[in-house]
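The block underneath contains the structure these notes are about, expressed in structure tokens.
The values are calculated or read from the model by the stated rules, or taken from the named source; none is laboratory data. Model, not experiment: these values are computed from the prediction. Neighbour counts are summed over all protein chains in view; Cβ atoms, including those assigned to glycine, are modelled from backbone coordinates with ideal geometry.
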Amino acid sequence: MTVNRQRYFNITLLRHGESVGNAESRWQGQADFPLTDVGREQAKALAERWKREKVKFDFIISSPLSRARETAEIIGDQLGLLVEFDPLWLERDNGEFAGLTAHEVRSNFSHPDFTTPYDSVGMDGEGDWELFLRAGQALHDLLKREPARYLIVSHGGLLNQLMHAIVGIIPQAHNSGASFRFSNTAFAQVIYSPNQHRWMIDKLNDHNHWLEAESEGRA
């Protein structure tokens, strides 16, 4: 494969399509839920959009969890690219909450009135600070590679902290402060110039492919 040689990183950060866990309102974490039929259609709609817009990537890197892996493979098949898998891009380890419904989490666990970024989630899972550090490590490892066009397929929690790392916002107490929304198969696009250490945010939570599919009655 011939990589597009360039002096900057063009990074697209994509959340997976709708999963069974999403549809059932579960705290997924690293519990492994597959895509729903809707999630597969979302991934196909995005792949069709990118083919229509002649969007190009040099590499696709994905979380190995089923919902991200399947999303990445659907897109990779359409765009003619193989998918690399890296566990740094896994969703937050949310401990004992993993796979439970929101009702089960509310009913079976105590919830403090105030939390800090250093507190664990789900008794023994990753707190915000741990997740922020892992997102930073994933970003650091990516920027050790050659400048190219990267598609990263991951999860809402991890991608939210990755955006915090990019803009230089550390986690705040009690989930306060800025948050970056990633709907199912929504993506952000960021550009990094290593020669200037300059980040440019081009898109956020772009899921127009699915909004259009819904409005046309294809969803």
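Quick notes on this structure:
So that you can scan it fast, the table gives a plain yes or no per residue for (1) under 16 Å from L159 (Cβ atoms); (2) out of contact with any Gly (no Cβ under 9 Å at 6 or more places or on another chain):
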{"position": "G17", "(1), (2)": "yes, no"}
{"position": "N22", "(1), (2)": "yes, no"}
{"position": "S25", "(1), (2)": "no, yes"}
{"position": "T36", "(1), (2)": "no, no"}
{"position": "L46", "(1), (2)": "yes, no"}
{"position": "V55", "(1), (2)": "no, yes"}
{"position": "S63", "(1), (2)": "yes, yes"}
{"position": "T71", "(1), (2)": "yes, no"}
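- Residue in the stretch 102-120 that is among the polar types (S, T, N, Q), under 22 Å from V190 (Cα atoms) and assigned to a loop (DSSP other than H, G, I, E, B) present: no
- When the helices (runs of 4 or more DSSP H) confined to the stretch 13-93 are screened for residues that are at pLDDT 95 or above and among the charged types (D, E, K, R), those reaching at least 1 such residues are found at 37-52, 66-79.
Table: residues versus (1) free of Cβ contacts under 8 Å to residues at least 40 places away in the same chain; (2) buried (at least 19 other Cβ atoms within 10 Å of the Cβ); (3) closer than 23 Å to F132 by Cα; (4) not small (G, A, S).
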position: T12; (1), (2), (3), (4): no, yes, yes, yes
position: E24; (1), (2), (3), (4): no, no, no, yes
position: L35; (1), (2), (3), (4): yes, yes, no, yes
position: E41; (1), (2), (3), (4): no, yes, no, yes
position: D77; (1), (2), (3), (4): yes, no, no, yes
position: G80; (1), (2), (3), (4): yes, no, no, no
position: L88; (1), (2), (3), (4): no, no, yes, yes
position: G99; (1), (2), (3), (4): no, no, yes, no
position: R106; (1), (2), (3), (4): yes, no, no, yes
